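One structure is given here, and the rest of the page talks about it.
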Amino acid sequence: MTLNSDLVSTVKHCLAKIGLNQGTFISGFIHFIANNKILPFKKLTRTEEETACKISTIRALENNECEFEKKKTIQKSINEEAFIVAKQVLQDYKLTVSHAIRMLYETFVITGKMPYQFELLPIAE
C-alpha cells in the first residue's frame, strides 16, 4: 500500500509517543473492523482528507522530514482471516482496505486520538 510520506511520518511520530508502531496500529484496526463489523469513524470527506495531508505536511516540516508529494510504501503483516472479514465489512462502506487505512491515518492526524479501542482479539464468529 502506498501513502503520502508526510502522512506516514506524522502518524509514526504520534504512535511512538503512545508506544505503538504502524504494524500494531494497522493490525488493531483490521481486527477492530473484523470483530465489530463497523468502521470506527465516519467516512472522511475530500476536504477532510486534504486537511489531514496539509496538517501532516506542516508537522513533517516541523520535524525537518517534509517530503511533500512523495509516496511511501508500507507493507504490514496482517492476520489473513481478519483481513478477509474486514475486507467484506469495508465493501458495505464502498471502501477498499487501502483506502480505509489511509482514512485511518488521516483521522488520527486530524483528531490526534486513537480512532478505535485498541485490542488484538481473536476474530468473532
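The values are calculated or read from the model by the stated rules, or taken from the named source; none is laboratory data. These numbers come from a predicted model, not from an experiment. Reconstructed Cβ throughout: ideal geometry from the backbone, glycine too, with neighbour counts over all protein chains shown.
Of all residues in segment 89-117, those that are in contact with an Asp or Glu (Cβ under 6 Å, 6 or more places away or on another chain) and among the polar types (S, T, N, Q) total 0.
Of these, Thr96, Thr111, Thr73, which one is farther than 17 Å from Gly28 by Cβ and either out of contact with any Lys or Arg (no Cβ under 9 Å at 6 or more places or on another chain) or modelled with pLDDT under 90 (or both)? Exactly one of Thr96, Thr111, Thr73 is farther than 17 Å from Gly28 by Cβ and either out of contact with any Lys or Arg (no Cβ under 9 Å at 6 or more places or on another chain) or modelled with pLDDT under 90 (or both), namely Thr73. Among the residues of segment 30-51, those that are of a type outside the set (Val, Ile, Thr) and either more than 30 Å from Glu81 (Cβ to Cβ) or not in a helix (DSSP H, G or I) (or both) comprise Lys37, Leu39, Pro40, Phe41, Lys42, Lys43, Leu44, Arg46, Glu48, Glu50. Conditions: (1) at pLDDT 95 or above; (2) farther than 17 Å from Asn4 by Cβ; (3) surrounded by fewer than 17 Cβ atoms within 10 Å (Cβ to Cβ). Val89 meets all but one. Number of the miss? The one condition Val89 does not meet is (3). Each residue in segment 91-113 was checked for being farther than 15 Å from Glu48 by Cβ and either in a helix (DSSP H, G or I) or within 9 Å of the chain's Cα centre (by Cα) (or both), and 5 of them qualify. Within segment 13-29, the residues that satisfy the criterion of being part of a helix (DSSP H, G or I) and under 20 Å from Ala82 (Cα atoms) are Gln22, Gly23, Thr24, Phe25, Ile26, Ser27, Gly28, Phe29. When segment 54-63 is examined, which residues are found to be modelled with pLDDT of 90 or more and surrounded by 15 or more Cβ atoms within 10 Å (Cβ to Cβ)? Residues satisfying the conditions are Ile55, Ser56.
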